[in-house]
Every structure is written in structure tokens, then in C-alpha cells.
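Below you'll find the structure I mean.
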Amino acid sequence: MFQYYLIHYFNFKNAGGFMLISLLCLIAVLAIVILAAKLKKHYKLNTQDLTPKQIRKLNHIHKVKEISLIESFYEMVFSSTSVLLFLSLYYIIDERIPQAAFYWQKYQNIILLLFLVFSVFMTNWFDILFVPLTAIPTRQKASVRLISAFYIILILLYIKFIYHDSNYDSLIMYFITLAVGRFLYFDSTLEDIKETLQGVARNLPLLVLMGSYSAIVCWYGFHCGFLLTSNGVILSTLLAHLFMDVSIFVLDKTRLVKLFI
């Protein structure tokens, strides 16, 4: 069975078509981000009486903001991929390795916690070495990673209700607890909660874009038969995100996006 999946997913015809769709959808998402930022800039230019110096300053500020928005979306993809990678390992151990059942039942909560810690390091590898993200502030990264937790919850809820799979109930509650914990922790203040809520509200468009992007890519993958449900929907979802990561890498290395900023 493993050999069947290996041959299937490494078939150039199947993988090439799926890669093209991932890349085209990414270009469409980034076009929306850039267009929205430029419309906002032109609105300010048309409604405010600015001096040439102020116009240059405004252009510079919006250029930095456009890059930051694009990198925020990249961070969203990378963070989601990292979490999905370790959730897929969790699924493989739980469903496909019965020999580990005794230890799994005893230590699965600790293993899940370790997996989530490792996912943070994996995300850092993505945005430092794979595609360096230099324009996005640390606070913005934290907000994006919180939004990605909600995105993971949506994926798990989708698998639960669409595929009638209740194996992820504990994971759903785990991520809900993590997300709530970002708002309410033992020494949190009203100002901290307000700031976190503002970060979530500010980045909600990223959640919509990410959800739309992955929904289209995954739908195409399952519809054309490249993504399979037999190996686990969570694994196929991870595979789709890996193609998204490669698409980001291709656009970053070709520097096509910077031509339009």
C-alpha cells in the first residue's frame, strides 16, 4: 500500500497539474492582497491634500505594508503546514501503527504537546531559512500564528462533519483550549485581552484568504483524484499545504511579486 501511494504522489503528470493549480491560486490570493493595499493607498492620495514629501512617505509606508501583508500570508501557510505535519504524525501513530497502542494510550497527550512544540521550531525554520520573512514584526507573527490555530480548528471540524470522523474530537478541544489560553491566562489584563482581540480582528482577512486558498486547492486535489482519502484526509490536507509552501518558494525565488509592489 505504501508503494502505491509513493507511485501515485510522485507521478509527474498528477503532481505537476496540482502544483500548477497551487501556484495559480497563490498568485490570485497575492493579487487580491496587493490590489486591496493599493486601492487603500490611492484612496488616501485622492482624499488628502499632501505635499510631494508626504506623498513619498505615504508610498514608502504602503510599500512596506504590502510586503508585510504578503509575508503575513506566507507565515499563515507555514504555521499551518507545521502544525498539520505533526498532526499527521499523530494520526499515523494512532491509526496506522497498532504496535505502539500501549505506549500511545499512556503518553499520547505528552506526545501531542511535544509535537506542537516542535511545530513552532518547524515554523521558525520555514520563515528564517526556507523563505526568509524580514518585513513582518514579531507581534504580527504571534497574531498570525494565533489565527492559524483557528484555521486548524476549521480543518478538523471540516473533517469531523464532512467525513463523519470523530477521531479528532480531542484535538479540536485541544486547539480550542490553546486559542482561548492566548486570551485568558493567569496574569492577563484587560489591556492584554484587548490587544489580542485587536490582533485577531486585524488578521481575520488572512483567515478568509487562507481558508479560500486551501479550500480551492484541496477541492481540486480530491476532485481530480490526486489527493486521496484512503491515506487519511489529514495527510492529504498536509500534502496540499506542502504544495502551497513550494509555490511560495517558487514565487519568492523568482521575485515576481516584487515587480508589482
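Could you tell me whether the stretch 223-239 includes any residue that is farther than 19 Å from residue 6 by Cα, modelled with pLDDT of 95 or more and either charged (D, E, K, R) or in a helix (DSSP H, G or I) (or both)?
Checked the stretch 223-239: no residue is farther than 19 Å from residue 6 by Cα, modelled with pLDDT of 95 or more and either charged (D, E, K, R) or in a helix (DSSP H, G or I) (or both).
How many of the residues making up the stretch 120-155 are among the hydroxyl-bearing types (Ser, Thr, Tyr) and under 13 Å from the mean Cα position of the chain (by Cα)?
Number of matching residues: 4.
Residue 101: more than 12 Å from residue 79 (Cβ to Cβ), among the small types (Gly, Ala, Ser) and at pLDDT below 80, yes or no?
Judged against the criteria, residue 101 is a match.
Taking the conditions exactly as written (surrounded by 12 or more Cβ atoms within 10 Å (Cβ to Cβ), of a type in the set (Lys, Arg) and either without any contact (Cβ under 8 Å) to a residue 60 or more places away in the chain or within 19 Å of residue 202 (Cβ to Cβ) (or both)), does residue 53 satisfy them or not?
When the stated conditions are applied, residue 53 does not pass them.
Name the single residue that is modelled with the lowest pLDDT among those in the stretch 1-43 being polar (S, T, N, Q) and in a helix (DSSP H, G or I).
3
From (1) in a helix (DSSP H, G or I); (2) surrounded by 17 or more Cβ atoms within 10 Å (Cβ to Cβ); (3) at pLDDT 80 or above; (4) not hydroxyl-bearing (Ser, Thr, Tyr), pick out the condition that doesn't hold for residue 182.
(3)
For the stretch 56-73, which positions are over 23 Å from residue 131 (Cβ atoms), surrounded by 11 or more Cβ atoms within 10 Å (Cβ to Cβ) and within 28 Å of the chain's Cα centre (by Cα)?
61
Pull up the stretch 110-141, narrow it to residues that are surrounded by 11 or more Cβ atoms within 10 Å (Cβ to Cβ) and of a type in the set (D, E, K, R), then point me to the one that is nearest to residue 170 (Cα to Cα).
My answer is 141.
Here is a yes/no grid of residues against (1) within 18 Å of the chain's Cα centre (by Cα); (2) closer than 21 Å to residue 233 by Cα; (3) polar (S, T, N, Q):
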| residue | (1), (2), (3) |
| --- | --- |
| 86 | yes, yes, no |
| 103 | no, no, no |
| 118 | yes, no, no |
| 157 | yes, yes, no |
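The values are calculated or read from the model by the stated rules, or taken from the named source; none is laboratory data. Keep in mind that what you see is a predicted model, and the values were worked out from it rather than measured. Virtual Cβ from ideal backbone geometry, glycine too; neighbours counted across all protein chains shown.
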